[in-house]
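What follows is a set of notes on a single structure, which appears directly below.
The values are calculated or read from the model by the stated rules, or taken from the named source; none is laboratory data. Being a predicted model, the structure only gives us computed values, none of them experimental. Neighbour counts run over all protein chains shown; Cβ positions are idealised from the backbone, glycine included.
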Amino acid sequence: MKPALDLASRPIIRRLPPGAVNRIAAGEVIERPAAAVKELVENALDAGARQVTVDIEEGGRRLIAVVDDGRGMSADELPIALERHATSKLVPDDAGDVDLLAIDTMGFRGEALPSIGAVSRLTITSRTEGGEGWQLSVRGGAMAEPCPAPFAGTGTRVEVADLFYATPARLKFMKSERAEVTACADTVKRLAMARPDVAFTLNVDGKKRFAYRAEPPGPEGHLSRLSAIMGPEFGENAVPVTLEREGVTLSGFAGVPTFNRGLPDRQYLFVRGRPVKDRLIVGAVRGAYADFLARDRHPLLCLFLDMPSSSVDVNVHPAKTEVRFRDAQLVRGMIVSGLRAAISDAGHKASTTVAAQAMRAAHPPFRAAQPAPPPRPAADLAGFGERQPAFSSVSTLSVRPQVPQPEQHAPEPEPQPTPEDYPLGAAVAQLHETYIVAQTADGLVLVDQHAAHERLVYERMKEAGAGRAPARQALLVPELVNLSEEEAALILEEREQLESFGLIIEDFGGGTVLVREVPAVLGNFDVQGLIKDMACDLAGLGQDTQLKDLIAETLGNHACRNSVRAGRRLTTDEMNALLRQMEATPHSGQCNHGRPTYVELKLKDVEKLFGRR
């Protein structure tokens, strides 16, 4: 039995001393050097800074210094800034109340500076416009009196030395110096993405890590800043995202589907200028790119949400990295719709990195020169030129020797398209009965005929599901498909949706369904496999997946197996018809799995291959 509680020895409830309170807050707000950098840079931005310089030494453990050219603080304001819950970012109304939902700044909790001062040696030097420079020091929570100090210009310099020296146990949980530097750099980059009008500089151990100049206002300036951070390839392959609904505005840039990577680490979301991490964006982005990328590939994007302060709660987490939306479904729907519209506007555009990769592959690493082989006998080269095939704008499928044909009085051929007439040019040849070569006005295009036709078939399936009457093909002998009773019930529940795609099914009883008609665009295909795959997908339908998208994806996968295959010979007219359909079909720059359908090489790229440039 438990001993009886001794009420006489019960601990008395006491208030913690201010120093302990601040160290506890530091554990919530300042868990690592990057968190301190974030808080200090956000304060600089809220102070109206147009230039922010960050210096860190030994991963931020030895020193963090943030200098800005903002409004600065006076001698009277410096001690108040070090008090808990003191802030200039919330203004009480006439009754003395403060609306905590009306937040228009990067931060407002008033915990950062006292928390940092409680676990480090903190020095703040500041000067207001027309005033004198003042300095205030805090050592492990003990505050000194403000004293005059020189400071050039207007602004503030905050130095954090020996972070966590007052809480040695916390030092055991710090990661390697390299990891902490990377985290600090990532923090500054995220803030720089949101404020292209501000110049940012990061110095690490006395060496400049990066410097971003202030960009002009407008989308071009914003994309320039994003390209400087995410790489110039992002600027070349990004399309603008713009959408507005019910007072909520979505803007930003997203990469075309063929510009992707194996990790979702280049997907950024900003809410009212604040970088946040939200699981909402993961599902929304996956849904928007579901038609274009395999599940193990992820797009690059940077999105900005602007909404009334009453529509979002930014006071969810002490570090202000999470938010709560009043209408999360509206936000998710906007992200999906905005991204899909941007991808659609990109048309048949494919990533420029595809051509760049091809160019790199065409230039193998330097190798030492090898001795030249002995010259071949002259007899081996005789007639070499005569044996080569002709190669012209009307050459057919494969480049091979021409066999003389008897003279025939054939009708005059129809005029062929010229390269200048179309973005994807005019077909000139077929290589290995798999790739179409087309000449454009300023280069050439190489098309994967199977991947391209797969996308075209898939888009027709989506059009059918969007309400356009699909062409159906009646089966000569209706197909019986045996399923479990649960799977058959799932299929039959969605009979109307399936009919909109051209698939007519009936209940045959006992877990069996009868397929009478199928989409004509699929031609001859495995009906059994299609129905079984669809039943399996319906059973695992996730909350983030719409039924029509799932049906379209399943049909599209089967369309892939029935598209123009590699190894099929195409005539020049067929090749040109495929190119024209690609130009008229949205998203034709990538197949259903995110692979590019064509590679474009400019004439200057070809000239580089031969040393002409």
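If you go through region 129-146 and pick out every residue that is surrounded by 19 or more Cβ atoms within 10 Å (Cβ to Cβ) and either touching a residue at least 60 places away in the same chain (Cβ under 8 Å) or within 41 Å of the chain's Cα centre (by Cα) (or both), you end up with 3. Restricting attention to region 230-242, the residues that are surrounded by 18 or more Cβ atoms within 10 Å (Cβ to Cβ), of a type outside the set (Gly, Ala, Ser) and in a strand (DSSP E or B) add up to 2.
In this structure, is Thr572 buried (at least 17 other Cβ atoms within 10 Å of the Cβ) and modelled with pLDDT under 70? No. Under the condition of being closer than 16 Å to Asp68 by Cα, free of Cβ contacts under 8 Å to residues at least 40 places away in the same chain and buried (at least 18 other Cβ atoms within 10 Å of the Cβ), the residues counted in region 199-229 number 1. Filter region 274-300 for residues that are hydrophobic (A, V, I, L, M, F, W, C) and crowded, with 22+ Cβ neighbours inside 10 Å; which is nearest to Arg261 (Cα to Cα)? The selected residue is Leu300. For region 593-612, the candidate set comprises residues that are among the charged types (D, E, K, R) and within 19 Å of Gln439 (Cβ to Cβ); within that set, the residue that is surrounded by the most Cβ atoms within 10 Å (Cβ to Cβ) is Glu600. Taking the listed residues Leu250, Leu303, Leu263, the one that is without any contact (Cβ under 8 Å) to a residue 40 or more places away in the chain, under 17 Å from the mean Cα position of the chain (by Cα) and either crowded, with 20+ Cβ neighbours inside 10 Å or not assigned by TED's automatic domain parsing to the domain that holds Val37 (or both) is Leu263, with no other qualifying.
Of the strands (runs of 3 or more DSSP E) that lie entirely inside region 248-291, not one contains 3 or more residues that are at pLDDT 85 or above and β-branched (Val, Ile, Thr). When each of Ala44, Ala26, Ala4, Ala20 is tested for being at pLDDT below 90, under 34 Å from the mean Cα position of the chain (by Cα), hydrophobic (A, V, I, L, M, F, W, C) and not in a strand (DSSP E or B), the lone residue that passes is Ala26.
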